[in-house]
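Each remark here refers to the structure printed beneath this line.
The values are calculated or read from the model by the stated rules, or taken from the named source; none is laboratory data. Given the structure is predicted, the values throughout are model-derived calculations rather than measurements. Here the Cβ positions follow ideal geometry from the backbone for every residue, glycine too, while neighbour counts run over all protein chains shown. Accessible surface is based on the protein model in full, side chains and every heavy atom, while ligands, DNA and RNA are left aside. Shrake-Rupley method; radii C 1.70, N 1.55, O 1.52, S 1.80 Å.
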Amino acid sequence: MADKIYYPDSRIAANSHCGSFEKYQEMYKESIENPEKFWGKIAKQFHWETPVKDGKFHSYNFELSKGDISIEWMEGASTNISFNLLDRNVKNGNGDKIAFYWEGNDPEDYSRLTYRKLLEEVCRFANVLKSKGVGKGDCVAIYMPMILELPIAMLACTRIGATHTVVFAGYSSDSLAERILDSKSKVLITADGVWRGEKLLNLKKICDDALDKVTNNGHLVESCIVVSHLRRLSNALNKSEYSGRDNGVGGTNGSTNGTPKKTPGSNDIETPWTEERDFWWHEEMEDVDSRCYPVWMAAEDPLFMLYTSGSTGKPKGVLHTTAGYLIYAATTFKYVFDYHPGDVYWCTADIGWITGHTYVVYGPLANGATSVLFEGTPFYPDNDRYWSVIDKYKVSQFYTAPTAIRSLMKFGDELPKKHNLSTLKVLGSVGEPINSEAWLWYYNNVGHKKCSIADTFWQTETGGHVITPLPGATPMKPGSATFPFFGVLPELLDEDGTLIEGEGEGYLVFRRPWPGMMRTLYGNHERFQSTYFSKFNGFYCTGDGARRDADGYLWVTGRVDDMLNVSGHLMSTAEVESVLTEHEGVAEAAVVSKPHAVKGQCLYCFITPNEGAAFDKKLQDELKKKVRERIGPFAQPDVIQHAPSLPKTRSGKIMRRILRKIAVGDRNVGDTSTLAEEAVVDLLFQLRPQV
């Protein structure tokens, strides 16, 4: 089933930016053989205050044996990201076009923001930041829910040459403090709180706890700017004036004085307050000039830092720069989602992750796109929320995670059928390899067998898609990320660094840079080099494994540390999980290795049954048989444990580190603050079979 090829719908192919596989091959060949010509044509679509120098379009060194790793694109050029995303679109006649439809946690809460209004708000807040002493080279930390002020704050930073580091507003105060300290942020931007489903989060309290930790470690955050999001919701709903507002920013929320300040409604949540440090967003935005001349930035000037987990436990500050990231985010968005004027695009990712940076903010706005910005969850107030939002806004491109797809599959095929999903043209998948059963459910029940599925592989470090199908061009195989994007040259290496030609499985590496990839780890270039370039000289090592099939398709098999070696047989957890989830009784599966006296390692499987399905010996026997048949006798799981739910981060990624601890009965699981539901760990220990 996994090797069946699905061809793009001819109606989509006829109008797509890359309408055939032959066209893709032609463009890819040019991007590899003449990157200066290929990316130079794309760069001309944007504004450059200073053009790139002749012969200086890109240079790099991937070989530690020849010196420090370096990556540069468009040397000598200067531009401003916000100018290209906003002023350029307004000048091109898109001022009245909707940039964002905002959909709140509650379906009754929604608004919209045009490109012209977005430009004005960005300039106003840029002037607010300047009034707080923020300038070129300073860093601003952002800890906010999915509200319109979040992209406004990010773009305001880019307007004045400040870098931003967005921290997902679900991280603990310790995690926030660690990122503020490492980035040396001068200002923190947050909100009083947010509703997630039926759960109320006091974000300002978390920020205050973090700022206390930061101060105790010798760093001073000079200002904290707070959006009165809960008050705005409460006041608007009480007055029945919230739905369909012209914009979701600024407003007449009023002010409260005193310490702490109370947010009306929302159970009268108290907002802790420190005078002379804390400021309400709406008060600071009053009487501020709506014009702000952009600071022109060199091509390799920092744009933002985004922290990602490190194997040592200390987060890595992935640094992206200005010009290369701009053209790569814009180009991947255009081709991978095949965006055209009039389309409505929706990426469900939180902006706190790289997917939200590149494919909620920078990529769509660089293309003058209209996007949905979603604050809620897939299951509130009902389990069909995603499908109702697609129906409401007539979404044409929908981008979400396999975890969400599998979670929604549990509720059957009827919920998507309740809504009109006929406007969809492209379905995207991001975050982890998608198993073939989820791919097919997505294709059949959401895309009605006419949508191209963009199963995208990329990382925080890569800045944008690096292996992905192109709608209308790439014949699809369920579960395969297919072929590299323009300018990307992947290879497979074995443990010894030998190149694997043709069919085979090994380490996924890249031989050369593309414009949007990271340049370093903030303040630690040595760690950057040792993490990504020391294992194989001359290659960027992704840390993921992949296999190439007989047709040249690439299948990302997951993190190399999630590879299993059972009796000398190398396999990936993703491979086994894909087989397990094909069973009609299984909603989700996670596989880890467990030490074995004879085999070295054995398979320990966690199974979440579908609603109404029993977890019993019959199911376990059927799953073992299925794995034996699909992969081989060596792959038969030794243990299959019932898992009503799995330990996941708030972004939906399964934390296999914790599952490995459960498999061996070790309750020293380490930090669980990033889990969406910490209680699931104790539950899984209770259900652990005595083996």
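Miscellaneous remarks
- Filtered residues of the range 581-606 (kept if more than 21 Å from N565 (Cα to Cα), assigned to a strand (DSSP E or B) and without any contact (Cβ under 8 Å) to a residue 40 or more places away in the chain): V586
- In the range 115-144, the residues that are more than 23 Å from G352 (Cα to Cα) reach residues that are of a type in the set (D, E, K, R) and part of a helix (DSSP H, G or I) with C-beta atoms within less than 8 angstrom, at least six apart or across chains, in these pairs: S131/E284.
- The lone criterion from (1) out of contact with any strand residue (DSSP E or B) (no Cβ under 8 Å at 6 or more places or on another chain); (2) modelled with pLDDT under 95; (3) of a type in the set (V, I, T) left unmet by T256 is number (1).
- Close pairs (9 angstrom Cβ cut-off, 6 or more residues apart or separate chains): farther than 14 Å from A153 by Cβ and part of a helix (DSSP H, G or I) in the range 353-372, among the charged types (D, E, K, R) and at pLDDT 95 or above anywhere: I354/E461; G363/K334; A366/R88; A366/K334
- Selection from the range 469-523 of residues that are touching a residue at least 24 places away in the same chain (Cβ under 8 Å), open to solvent by 10 Å² or more (accessible area, probe 1.4 Å), among the aliphatic types (A, V, I, L, M) and over 20 Å from P35 (Cα atoms): I500
- Leading residue by the ranking (modelled with the highest pLDDT) among those in the range 533-542 that are open to solvent by less than 10 Å² (accessible area, probe 1.4 Å) and outside any loop (DSSP other than H, G, I, E, B): Y540
- Check on N105, assigned to a helix (DSSP H, G or I) and in contact with a Gly (Cβ under 6 Å, 6 or more places away or on another chain): no
- Note on the range 615-635: among residues that are in a helix (DSSP H, G or I) and of a type in the set (A, V, I, L, M, F, W, C), the one that is modelled with the lowest pLDDT is F634.
- For the range 374-391, the set of residues classified as open to solvent by 20 Å² or more (accessible area, probe 1.4 Å), in contact (Cβ under 8 Å) with a residue 60 or more places away in the chain and not in a loop (DSSP other than H, G, I, E, B) consists of S388 only.
- Summed over the range 482-494, the residues that are in contact with a strand residue (DSSP E or B) (Cβ under 6 Å, 6 or more places away or on another chain) and closer than 11 Å to G552 by Cα give a count of 1.
- Residue in the range 30-46 that is modelled with pLDDT of 95 or more, over 18 Å from G76 (Cα atoms) and open to solvent by 60 Å² or more (accessible area, probe 1.4 Å) present: yes
- Some residue of the range 93-100 being in contact (Cβ under 8 Å) with a residue 60 or more places away in the chain, under 29 Å from R385 (Cβ atoms), touching a Phe, Trp or Tyr at 6+ places or on another chain (Cβ under 6 Å) and surrounded by fewer than 22 Cβ atoms within 10 Å (Cβ to Cβ): yes
- For the range 1-96, the helices (runs of 4 or more DSSP H) that sit wholly inside it and include 1 or more residues that are among the β-branched types (V, I, T), within 28 Å of the chain's Cα centre (by Cα) and more than 25 Å from T322 (Cβ to Cβ) are 10-15.
- Residue that is nearest to A366 (Cα to Cα), among those in the range 51-66 that are polar (S, T, N, Q) and open to solvent by less than 60 Å² (accessible area, probe 1.4 Å): S59
- Test result for E526, surrounded by 23 or more Cβ atoms within 10 Å (Cβ to Cβ), on the phi < 0 side of the Ramachandran plot and not in a loop (DSSP other than H, G, I, E, B): no
- Subset of the range 1-32 (residues that are closer than 19 Å to Y339 by Cβ and of a type in the set (G, A, S)): A13, A14, S16, G19, S20
- Residue within the range 319-334 that is assigned to a loop (DSSP other than H, G, I, E, B) and either out of contact with any Lys or Arg (no Cβ under 8 Å at 6 or more places or on another chain) or open to solvent by 10 Å² or more (accessible area, probe 1.4 Å) (or both) present: no
- Top-ranked residue in the range 629-681 [being touching a strand residue (DSSP E or B) at 6+ places or on another chain (Cβ under 7 Å) and open to solvent by 70 Å² or more (accessible area, probe 1.4 Å); ranked as nearest to R196 (Cα to Cα)]: R660
- Counted residues, the range 138-185 - those being at pLDDT below 95 and of a type outside the set (A, V, I, L, M): 9
- Among the residues of the range 598-618, those that are open to solvent by less than 10 Å² (accessible area, probe 1.4 Å) and closer than 19 Å to K410 by Cβ comprise C605, F606, I607, T608.
- Tally of residues being open to solvent by 10 Å² or more (accessible area, probe 1.4 Å) and of a type outside the set (F, W, Y) across the range 392-402: 3
- Yes/no for G472 being modelled with pLDDT under 95, assigned to a loop (DSSP other than H, G, I, E, B) and touching a helix residue (DSSP H, G or I) at 6+ places or on another chain (Cβ under 8 Å): yes
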